[in-house]
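What follows draws every value from the coordinates through simple rules; no lab data is involved. Nothing here was measured: the structure is a model prediction, and the numbers come from that model. With ideal geometry, Cβ positions are generated from the backbone for all residues, glycine too; neighbour counts draw on all protein chains shown.
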């Protein structure tokens, strides 16, 4: 049975979510259409730039992404602490990057004198905005609507562009976040679109490697991060992560010749993940349709939190046994 979106997003259990949207048409969202001879490669840039822009408007951190030929993956972190810390003026500034302000809010922003009733209305409206700025549904809806409108205008047609609402997956622990981020960054390698992750266009790993990613959530090992920054960073060393991606990519590409190192990357040991389990998780199979990913203990807690008796689960490489 389908679980309502408001129940799937449980911020008490995790702020991290993996979301996927897929194009409904035979013609690709991006890439080259052999039937018509049209290239839609430029649309991948639309998605990437819109993702980067929305991460600056919403109180949602962009952890990772990969824009493929007919779908895209994005890993998000809802930043409730940021939303709570914003002043009313800051909330309005972020809101204006997305929507127009009502006349009353424009007057408040301009510093006009308001009545007590009007100020109460302003407080209520800004509280609603603050909540919306932490909504993954609003983030994804705004992104998909803008891309669909632009693609329909370019194709000179009307109708549905996405096959349905986006799919979301809760990431319940560090191992699940790392597993999902690596899966997303390796998508172009798995699809044969590039030979290495750092050469994959329109992915978060390439943007991070080029050091042009201030919008992306940074990597910072816990032992070197300040206490205030721990929750705002990915608790791994970026070079260790690149080593893990390279090792995983060599395993994925059967046509890649050369000796594959028998020693596995340090992050495998750090998170208690088995090498064999990790490699299984990097394959394009069904666990990425699960509603949540993590250890058995975390999955049980998540099920209780959303009022679900069970979730479909397949073996995952986290330390869950």
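Remarks
- Full extension of the chain segment joining residue 156 with residue 11 gains 48.2 nm, where the gain is 0.36 nm per residue of separation less the Cα-Cα distance.
- A protection proxy built from the mean count of other Cβ atoms within 10 Å ranks the segments 66-79, 88-101, most packed first, as 66-79, 88-101.
- FRET efficiency, residue 41 to residue 100 (Cβ-Cβ, R0 51 Å, nearest 0.05): 0.95
- Each residue, residue 115 and residue 308, gets one label point 7 Å from its Cα in the Cβ direction; the gap between the two is 4.9 nm.
- Burial ranking of peptide ranges 107-117, 139-149, 179-189, 293-303 (average Cβ count within 10 Å, highest at the top): 179-189, 293-303, 139-149, 107-117
- Put a dot 7 Å past the Cα of residue 274, heading toward its Cβ, do the same for residue 238, and the two dots end up 3.4 nm apart.
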